[in-house]
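The values are calculated or read from the model by the stated rules, or taken from the named source; none is laboratory data. Only a predicted model underlies this, so the values are computations on that prediction, with no experimental measurement involved. Here the Cβ positions follow ideal geometry from the backbone for every residue, glycine too, while neighbour counts run over all protein chains shown. Areas reflect the complete protein model, heavy atoms only, side chains present, ligands, DNA and RNA absent. Shrake-Rupley method; radii C 1.70, N 1.55, O 1.52, S 1.80 Å.
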Amino acid sequence: LLSTAGDAMSDADADGTAPTIDALVRRVLPLVVATIDDRSWRVRWTAASKFADVVKAFSGLTGAVDALVPAYEKLLQDPEAEVRTAATYNFAEVAGTDASVTDGDPSSGPDARVSVASRLVGRVPSLVEDDSENVRAALAEVATGLAPALGRDGTVAHLLPPLLLLLRDGRGEVRLNVISSLSRLGDVVGPELLAQSLLPAVLDLA
């Protein structure tokens, strides 16, 4: 990928001009997106584990986020649990991308745009129910990191319900990961609401 980016820049420099955003997107981004469909699960795992860095590098380029977010959603649904786990560990960082993306809902129309966090939070329920304990544990560890991007109302509506389910998960590591990250949630929704919403579930674990 670095070689391809360098080629794109060299082509532009040969003309005496700086490399354009469109040139970089056209030459490099398709190669990045293609890794999610690689036949080797190890290649897909590598893409999943580095996806937050990829989004950060490309987020300022026109059209990049619209291509990367659907690719990331596909990694979250990969048939290999190891790939889904790696992608889930990147969830909060990808969701926190300061950019808008297409809604992803056909009924909203092609021009409807939302924050990356607002689109990705819709993937949380399926991750809560994932067959892999490792995927659920990864989600439990990072889910509260979505709160700043969702804001108070979005967190209450879309994040607290799945966190309650994770607190009742049958695996101890999943429950522990949620409890260990609750302080980040309190910074967004406030300690009183946090206590009202999640404290009863936490006390049930005692």
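Electrostatic bookkeeping for A95 treats Lys and Arg as +1 and Asp and Glu as -1; over the other residues with beta carbon under 12 Å from its beta carbon, the sum is -1. Loop-located GluC sites (Glu not before Pro) in the range 126-158 (DSSP state other than H, G, I, E, B) with a sparse environment of at most 16 neighbouring Cβ atoms within 10 Å: E129.
Working from the alpha-carbon coordinates of the range 43-182, get Rg over Rh, Rh being the Kirkwood radius. Numbers along the way, then the final one.
Details: Rg = 14.4 Å, Rh = 15.1 Å.
Computed over Cα atoms, the ratio is 0.96.
Counting every C-alpha pair in the range 83-136, the share spaced more than 13 angstrom apart comes to 63%. The ratio of the alpha-carbon radius of gyration of the range 23-98 to the globular-protein estimate 2.2 N^0.38 Å is 1.01.
Over all distinct alpha-carbon pairs, what is the Kirkwood Rh of the range 124-191 in angstrom? Present the calculation step by step, with values, prior to reporting the outcome.
Numbers: mean 1/r = 0.0857 Å⁻¹.
Taking the inverse mean of 1/r over all distinct Cα pairs, the range 124-191 comes out at 11.7 Å.
Simple spin-label estimate for K56 and A157 gives 3.0 nm between the two label positions (7 Å along the Cα-to-Cβ direction from each Cα).
At a 1.4 Å probe, what is the % contribution of carbon and sulfur to the accessible area of the range 116-191? Reported share for carbon and sulfur atoms: 48 percent. Charge dipole (Cα centre; +1 on Lys/Arg Cβ, -1 on Asp/Glu Cβ; no other charges) of the range 66-117 amounts to roughly 40 debye.
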